[in-house]
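Trainee: Following this message is one structure expressed as structure tokens.
The values are calculated or read from the model by the stated rules, or taken from the named source; none is laboratory data. Computed from a predicted structure; not experimentally measured. Positions of Cβ are generated from backbone atoms using ideal geometry, with glycine treated the same way; all protein chains shown enter the neighbour counts.
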């Protein structure tokens, strides 16, 4: 086995966080600016490995010990799991720890598809060129569209259990579809936040 093959084998084993740390070291210590080509292949390999499974565990691998970052992580885990602060802190303090067990890929796919369909509905009703308009007609049209979307979300929630992972998949699919359509980042964030609150 060549040194390149050995190095590639080790890179594929790295987590996304470790890959980002590697990118930082290559930039700061060696002055390499274009590390995307080095980092991209292992990330794709990791994603392929996750997607091959039908079920998987969502694991919190590593948490920064810096207090603001650690507290933000604890708050995020608390919110995402709907747990109390003490339980969230224990998960963070004992990282690596499993946040969700046996997450079904097919269930997450349903949430992703639904998120995309909501974005398509919004895009059809409120085209990109109308999204910056600030008048009464636009406001009524937006309110009506959001009400229709809220009804669809309520219906989807009745038939689908939405854990943290599925909510994230749904929200990300919605956000990326709007981004592809060309809405402004601020508007996308506002709409995605609205959607997450509906979930």
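Trainee: Kindly provide the set of residues from the range 156-169 that are modelled with pLDDT under 85 and in a helix (DSSP H, G or I), ordered by number.
Mentor: Matches in the range 156-169: 164, 165, 166, 167, 168, 169.
Trainee: Using the structure shown, decide if residue 153 is in contact with a helix residue (DSSP H, G or I) (Cβ under 6 Å, 6 or more places away or on another chain), without any contact (Cβ under 8 Å) to a residue 40 or more places away in the chain, closer than 17 Å to residue 111 by Cβ and in a helix (DSSP H, G or I).
Mentor: Against the criterion (in contact with a helix residue (DSSP H, G or I) (Cβ under 6 Å, 6 or more places away or on another chain), without any contact (Cβ under 8 Å) to a residue 40 or more places away in the chain, closer than 17 Å to residue 111 by Cβ and in a helix (DSSP H, G or I)), residue 153 does not qualify.
Trainee: Hey, another quick one. Yes or no: residue 177 surrounded by 19 or more Cβ atoms within 10 Å (Cβ to Cβ), at negative phi, in contact with a helix residue (DSSP H, G or I) (Cβ under 9 Å, 6 or more places away or on another chain) and assigned to a helix (DSSP H, G or I)?
Mentor: Yes; evaluated as a whole, the condition is true for this residue.
Trainee: Now for a separate question. Run residue 68 past the list (1) under 19 Å from residue 170 (Cβ atoms); (2) at pLDDT below 80; (3) outside any strand (DSSP E or B) and report the number of the one that doesn't hold.
Mentor: Only one criterion in (1) under 19 Å from residue 170 (Cβ atoms); (2) at pLDDT below 80; (3) outside any strand (DSSP E or B) is unmet by residue 68, namely (1).
Trainee: Being modelled with pLDDT of 90 or more, over 30 Å from residue 57 (Cβ atoms) and in the same structural domain as residue 190 (by TED's automatic domain parsing), is that true of even one residue in the range 131-142?
Mentor: Scanning the range 131-142, I find no residue that is modelled with pLDDT of 90 or more, over 30 Å from residue 57 (Cβ atoms) and in the same structural domain as residue 190 (by TED's automatic domain parsing), so the answer is no.
Results for (1) modelled with pLDDT of 75 or more; (2) surrounded by 14 or more Cβ atoms within 10 Å (Cβ to Cβ); (3) in contact with a helix residue (DSSP H, G or I) (Cβ under 7 Å, 6 or more places away or on another chain); (4) over 23 Å from residue 169 (Cα atoms), shown as yes or no for each residue.
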{"residue": "91", "(1), (2), (3), (4)": "yes, yes, yes, no"}
{"residue": "97", "(1), (2), (3), (4)": "yes, yes, yes, no"}
{"residue": "102", "(1), (2), (3), (4)": "no, no, no, no"}
{"residue": "106", "(1), (2), (3), (4)": "no, no, no, no"}
{"residue": "110", "(1), (2), (3), (4)": "yes, yes, no, no"}
{"residue": "113", "(1), (2), (3), (4)": "yes, no, no, no"}
{"residue": "119", "(1), (2), (3), (4)": "yes, yes, yes, no"}
{"residue": "122", "(1), (2), (3), (4)": "yes, yes, yes, no"}
